[in-house]
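One structure is given below, encoded as structure tokens.
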Amino acid sequence: MNIARCKPATLSVSCVVYDTDYDVLATTIKSLHIAVQESVKQESLKGCHVYLINNHPTTPDSFQQAAALAQDLFHDIEIINGHGNIGYGRANNLAIKRTQSDYHLILNPDVKIDTAAIDEGIRFLTQNPDVDLVAPDATNNVGEHEYLAKRMPNPLIILLRGINNTTLNKIF
């Protein structure tokens with residue numbers, strides 16, 4: 001892909017975790033690190049601030065291990081902890097309100113980022129200032145396309161999410 005050079009940007013990344021398996025989260029953190037390094041090498045990125053947010057009421061060992069790994073890999077990282085389960089959106093907003101970067105990435109804790117994804121995303125956004133949001137092309141662990149776009153949930157789904165009952169969640 002021939003992508004024109006752009007002025008290096010700054011990026012912040014929030015990753016909200018709720019009792020995520022360490023190996024899964026470690027894969028996400030390592031792939032983010034590799035993608036950030038590639039973006040710096042390609043000169044589309046000059047800096048990245050990572051927010052690792054624990055949304056669990058306690059601090060599981062898996063989160064502590066992941067936080068240590070992230071602190072080893074990233075120079076500019078903030079661990080946000082101790083607020084309990086405030087919801088995915090609100091937890092991401094804790095980071096978004098603190099950042100002053102050019103771009104912000106909301107990263108699920110179970111994602112393996114392609115090496116070139118951040119570089120390509122930053123270049124696309126820089127060259128298309130009328131675009132405010134991009135979403136990834138996603139595949140599952142066997143390479144099948146994942147459809148990320150969701151329609152507005154119907155009232156039943158909203159009610160079930162509010163109830164958050166394990167049995168009902170399995171049925172629906």
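The values are calculated or read from the model by the stated rules, or taken from the named source; none is laboratory data. All values derive from a computational prediction rather than experimental measurement. All Cβ positions, glycine included, derive from the backbone under ideal geometry; neighbour counts span all protein chains shown. SASA here: full protein model, heavy atoms, side chains in, ligands and nucleic acids out. Shrake-Rupley method; radii C 1.70, N 1.55, O 1.52, S 1.80 Å.
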- Separation in nanometres of the label points that stand 7 Å from Cα toward Cβ, at Asp23 and Asp114: 2.6 nm
- Task: Name the long-range amide H neighbours of Ser12: under 5 Å, sequence gap of 5 or more, or other chain; modelled H, no Pro or chain starts.
- Result: His49, Tyr103, His104, Leu105
- Task: Mind checking which of Tyr22, Ile80, Ala67 is farthest towards the positive end of the stretch 1-129's charge dipole, using Cβ charges of +1 (Lys, Arg) and -1 (Asp, Glu) about the Cα centre?
- Result: Ile80
- What is the gain in length, in nm to one decimal, between Thr58 and Asn93 on full extension, counting 0.36 nm per residue of separation less the C-alpha to C-alpha distance? 10.6 nm
- Item | chymotrypsin sites (Phe, Trp or Tyr not before Pro) restricted to DSSP loop in the stretch 55-159 with at most 13 other C-beta within 10 Å | Tyr147
- Run through every distinct alpha carbon pair of the chain and return the Kirkwood hydrodynamic radius in angstroms, one decimal place. 17.5 Å
- What are the GluC sites (Glu not before Pro) within the stretch 81-172 that DSSP puts in a loop, where the Cβ has at most 14 other Cβ atoms within 10 Å? Glu144
- Message: Quick check on the chain: helices-only [θ] at 222 nm, where DSSP H runs of length 4 and up contribute -39,500 (n - 2.57) each and the sum goes over total residues. Nearest 500, please.
- Response: -12000 deg cm²/dmol
- What GluC sites (Glu not before Pro) does the stretch 25-98 have in DSSP loop regions with at most 15 other beta carbons within 10 Å? Glu43
- Task: Give the cross-link partners of Lys46 among the lysines, using a straight C-alpha distance below 24 Å as the criterion and excluding same-chain residues fewer than 8 apart.
- Result: Lys7, Lys30, Lys97, Lys112
- Can you give the charge dipole size of the chain about its Cα centre, rounded to the nearest 20 debye, using +1 on the beta carbon of Lys and Arg and -1 on the beta carbon of Asp and Glu? 500 debye
- Per residue accessible area in Å² of the chain, where ligands, DNA and RNA are left out and the probe is 1.4 Å: 65 Å²
- Would you mind checking which residues have amide H under 5 Å from Leu45's amide H? H placed 1.01 Å from N; only 5 or more apart, or other chain. Ala9, Val40
